[in-house]
Amino acid sequence: MIPPSIGLFGGTFDPIHYGHLRLAEYLLQYFQWTEIRFIPTPASPLRPQPQASFQDRIALLALALRPFPTFMIDPLENDLPAPIYTINTLRELRAQYEPDTSLAFIIGQDAWNTLHLWQSWEQLREYAHLVVVNRPDVPDQAAPVVQETFAPYQQTDPLYLHNAPSGFIFQVTCPPNPISATAIRHAIQTQNDALLQQAIPSELIEYIKQHRLYLNCI
């Protein structure tokens, strides 16, 4: 019996949008994962403070993920001490699963380029595979020390991920995603409903308007 395999999708999700969902659908099929766990962060040490509260972002995630039975929400970072470091998140997650469960942490190209600034970045692969999502508009500028450290663990066959619970690096080029959370927040402020309807599900638009989210974003 093949052990379960789980994709780990971290981020602020401020708010979650179709770009996140389409990427998750693509990666779920590409790697043949059992499920994907969305892990919203209360705050990131390297990014601006989220505009919506953690509770509101969880609520938006719940609405967005409702049609996807293999997409789950994991709020564990809300229980971790600040500052939130990915290495601590992965360590906690690894302890929750059987040793042979394959865990794969999804990381965007922009984050990959600054990975050398992350806490204990060299140890990430001890707890999960790393799936680097390449973007056409973001060049690969990972620090030389990151490239040299992880070069021996690069894999191209997505199914190789199922051969080990952690340890490998996968570079994946996904379909372009023109949607951004920044553009969505601006559309809310300017009442650009046409853009919102293209970017997020209608249930999220209703929730955002009802709770008056993102009206005072900078």
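Points to keep in mind about this one:
- For segment 156-171, the criterion of being within 26 Å of PRO48 (Cβ to Cβ) and outside any strand (DSSP E or B) is satisfied by no residue at all.
- Subset tally (residues that are touching a Gly at 6+ places or on another chain (Cβ under 9 Å) and either surrounded by 11 or more Cβ atoms within 10 Å (Cβ to Cβ) or of a type in the set (Gly, Ala, Ser) (or both)) for segment 136-192: 6
- Hits in segment 18-42 - residues which are in contact with a Ser or Thr (Cβ under 8 Å, 6 or more places away or on another chain) and either surrounded by fewer than 21 Cβ atoms within 10 Å (Cβ to Cβ) or under 20 Å from GLN197 (Cβ atoms) (or both): GLY19, LEU28, GLN32, THR34, GLU35
- Any hit, segment 186-205, residues being farther than 23 Å from ILE16 by Cβ, at pLDDT 95 or above and among the hydrophobic types (A, V, I, L, M, F, W, C): no
- Residue check for ALA62: free of Cβ contacts under 8 Å to residues at least 24 places away in the same chain, surrounded by fewer than 16 Cβ atoms within 10 Å (Cβ to Cβ), under 26 Å from GLN154 (Cα atoms) and among the small types (Gly, Ala, Ser): no
- Subset of segment 7-54 that is among the basic types (Lys, Arg) and modelled with pLDDT of 95 or more - its residue that is farthest from HIS186 (Cα to Cα): ARG37
- Every residue from segment 137-174 that is over 23 Å from GLU25 (Cβ atoms), in contact with a Phe, Trp or Tyr (Cβ under 8 Å, 6 or more places away or on another chain) and of a type in the set (A, V, I, L, M, F, W, C): ALA142, VAL146
The values are calculated or read from the model by the stated rules, or taken from the named source; none is laboratory data. Everything numeric in this text was worked out from a predicted model, so none of it was measured. So basically every Cβ, Gly included, is an ideal-geometry build from the backbone, and we count neighbours across all protein chains shown.
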